[in-house]
Amino acid sequence: MRKSTSVHLSHGFAISLIFVFLSATALAATLVWPQWIEALAGDQPDAGDGSEEWMMTALMSIAMVLSATGAFRAWRKGAAS
């Protein structure tokens with residue numbers, strides 16, 4: 001007979017996954033279309049050279065790694081309890 005296992009995951013896990021998704025989306029958008037912020041905001045804070053997008057993407061990538069780490073820890077904590 002198979003034992004049923006239930007894992008209770010916290011809200012922190014869901015929030016971390018949302019940040020991972022948003023960060024990955026920003027990274028993909030910058031790789032495909034480097035001037036996406038100008039198109040979205042209607043302004044050119046970096047004079048159209050794309051440096052603003054790459055800075056945002058670098059920060060979002062760091063946030064993605066940190067959020068993924070947080071999600072993994074929340075998952076492990078939920079699986080352990």
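Quick notes
- Nearest-0.05 FRET efficiency for Gln35 and Val65, computed from C-beta distance (R0 30 Å): 0.75
- In plain terms, the chain from Ala14 to Phe72 could stretch by 19.8 nm, reckoned as 0.36 nm per residue minus the Cα-Cα distance.
- Multiplying the residue separation of Phe21 and Asp46 by 0.36 nm and subtracting their alpha-carbon distance yields 6.5 nm.
Rule-based calculations on the coordinates, nothing more; no lab input. All values derive from a computational prediction rather than experimental measurement. Cβ sites come from the backbone with ideal geometry, for glycine too, and all protein chains shown count toward neighbours.
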